[in-house]
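For reference, the structure discussed in these notes is given below.
The values are calculated or read from the model by the stated rules, or taken from the named source; none is laboratory data. Everything numeric here is computed off the predicted structure, so don't read it as measured data. Here the Cβ positions follow ideal geometry from the backbone for every residue, glycine too, while neighbour counts run over all protein chains shown. Just so you know, the surface numbers come from the protein's heavy atoms only, side chains and all, with ligands and any DNA or RNA stripped out. Shrake-Rupley method; radii C 1.70, N 1.55, O 1.52, S 1.80 Å.
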Amino acid sequence: MTHKRPDIEPSWLAVLEDEFSKPYMQALRAFLLEEKRRYPVFPPGKSIFRAFALTPFDAVRVVILGQDPYHGAGQAHGLCFSVPRGVPPPPSLQNIFVELNRDIGVPIPRTGDLTPWTRQGVFLLNTVLTVRAHKPHSHAGKGWETFTDRVIQELNQQRSGLAFVLWGRPAQAKAAMIDRDKHLVLTSTHPSPYSADRGFFGCGHFSRINAYLESLGQPPVDWALEAAR
């Protein structure tokens, strides 16, 4: 059976190409085709692998791992926690901005588009890359977790000196596959309003990421986005 290879950035394809021919991926593809026939699915197909397009494998310095995409129309665009320019930041992203401001004084942005971070080596990955409209976690357990496990394993094995940022239980479940002697691993509760006050607020992850990068002789991430007026 032939398999369709996704449009994915060459450095990532070199690492992951064999994954797309595996039986679980073919089953996932069939599931997504049926879902799209019956329901709206987010993000749009061309944006599912957008995180991979914007941050090549060898350029990754920080991995921020979320859960699944936003399930409201027009919100998800292939980067965890991010929304397209002009879309109001959802509550989880608002809480990220609150912690960013508390931690390192970055002004609260008026955009929720985190694309500028990706150009600095911040890989914005969800554990599950698609979702049915208005049904959070509806594509969990369909195969995406196996795929993103492979992504984390390859980054762990082939790279060193990365900062892995695991927010929420699905993201934290991947901590066991990360070598803490080679990488920095930061965990907290999810920035959702339901859990942010149980460990996300006050975590100081943004300053800790930059301190780690600078300890390796790398430039810090400029977390500032377009500031609110």
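When residues in segment 54-71 are screened for being modelled with pLDDT of 95 or more and either surrounded by fewer than 19 Cβ atoms within 10 Å (Cβ to Cβ) or of a type outside the set (V, I, T) (or both), 10 of them pass.
Please work out if P109 is out of contact with any Cys (no Cβ under 8 Å at 6 or more places or on another chain), open to solvent by less than 30 Å² (accessible area, probe 1.4 Å) and modelled with pLDDT under 95.
Yes, satisfied.
Among the conditions (1) out of contact with any Phe, Trp or Tyr (no Cβ under 9 Å at 6 or more places or on another chain); (2) open to solvent by 10 Å² or more (accessible area, probe 1.4 Å), L166 misses just one, which is (2).
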